[in-house]
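*Asks:* Following this message is one structure expressed as structure tokens.
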Amino acid sequence: MEQLPVYCRKEILIAGCGNKLFGDDGFGPEVVEYLTDHYNIPENICLLDVGTAIRKILFTITLSEPRPKVIVVIDAVDKGREPGEIFDISLDEIPLEKIDDFSIHQVPSSNLLKELQDLCSVKVRVMVCQIKTIPETMESGLSEPVKKAVPLMAKRIAEEYF
């Protein structure tokens, strides 16, 4: 069992998704960094900056035993809300432009998340922040409203899971 990655062996996986090189898309990794820097992470939690590589992790979890009981995905989306607003979305609400981020051999990671939830009894939660903008070319750094949302999301996660 020790050959399995730590994220398979912990009760809760909190995964920050996104690319820090594309502005507000780096929200998930920024929240993970904030949590790491400002909170004591409980032993039963695996906190990961997965960047844009969640598909490989989900694939491994789908095939492993044991696996986390809870997976929390933190991401940035454009759902037409106020920039910096944090909220939950269902797996069916993952925007089409994010499906590419969530693909493994043309099977969207959202399908892997659904499989983990429906067939493996893993509780899946997608917590997101409304972006202000994602640049066309590489540009690191979050917009002001999204930057202000980082500690708010971290606090919400800590209150609910720590």
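*Asks:* Please give the charge dipole size of segment 6-161, origin at the Cα centre, charges +1 on K and R Cβ atoms and -1 on D and E Cβ atoms. Round to the nearest 20 debye.
*Replies:* 440 debye
*Asks:* On a C-alpha basis, how far is the centre of segment 4-21 from the centre of segment 148-162 in Å? Whole number, if you could?
*Replies:* Segment 4-21 and segment 148-162 have Cα centres spaced 16 Å from each other.
*Asks:* DSSP loop chymotrypsin sites (Phe, Trp or Tyr not before Pro) in segment 1-59 with at most 16 other Cβ atoms within 10 Å of their Cβ, which ones? Mind showing how you got there, number by number?
*Replies:* Details: sites: 7, 22, 27, 34, 39, 59; in loops: 39.
For chymotrypsin sites (Phe, Trp or Tyr not before Pro) across segment 1-59 that sit outside H, G, I, E and B with at most 16 neighbouring Cβ atoms in 10 Å, the list reads 39.
*Asks:* Here's another thing I want to ask about it. Can you give the translational diffusion coefficient of segment 6-161 in µm²/s, computed by Stokes-Einstein from the Kirkwood radius over Cα pairs at 20 °C and 1.002 mPa s?
*Replies:* Taking Rh from Cα pairs, D becomes 139 µm²/s.
*Asks:* Within segment 4-60, report the GluC sites (Glu not before Pro) that DSSP leaves as loop and that have at most 15 other Cβ atoms within 10 Å. Present the calculation step by step, with values, prior to reporting the outcome.
*Replies:* Values: sites: 11, 30, 33, 43; in loops: 11, 43.
Answer by residue number: 11, 43.
*Asks:* Can you put 86, 74, 57 in order of Cβ neighbours within 10 angstrom, beginning with the fewest?
*Replies:* Arranged by neighbour count, lowest to highest, 86, 74, 57 become 86, 57, 74.
*Asks:* Report, by chain and number, residues whose modeled amide H sits under 5 Å from the one on residue 46, excluding near sequence neighbours (fewer than 5 apart, same chain).
*Replies:* HN-HN under 5 Å from residue 46: 12, 13, 14.
*Asks:* Here's a follow-up. So for segment 6-161, taking the charge dipole from beta-carbon charges (+1 Lys/Arg, -1 Asp/Glu), which of 152, 77, 124 sits furthest toward the positive end?
*Replies:* The residue sitting farthest along the positive end of the dipole is 124.
*Asks:* Looking at segment 114-162, which GluC sites (Glu not before Pro) are DSSP coil and have at most 10 other C-beta atoms within 10 Å of their C-beta?
*Replies:* 136
*Asks:* What order do you get for 78, 92, 49 when you list them from fewest to most C-beta neighbours inside 10 Å?
*Replies:* Arranged by neighbour count, lowest to highest, 78, 92, 49 become 92, 78, 49.
*Asks:* Along the three principal axes, how long is segment 1-67 when you take its alpha carbons, biggest first, rounded to the nearest angstrom?
*Replies:* Per principal axis, max minus min of the Cα coordinates gives 37, 27, 14 Å.
Just so you know, all these numbers are worked out from the coordinates, no wet-lab data involved. A quick note: this is a predicted structure, and the numbers were derived from the prediction, not measured. Note: ideal-geometry Cβ built from the backbone for every residue, glycine included; neighbour counts use all protein chains shown.
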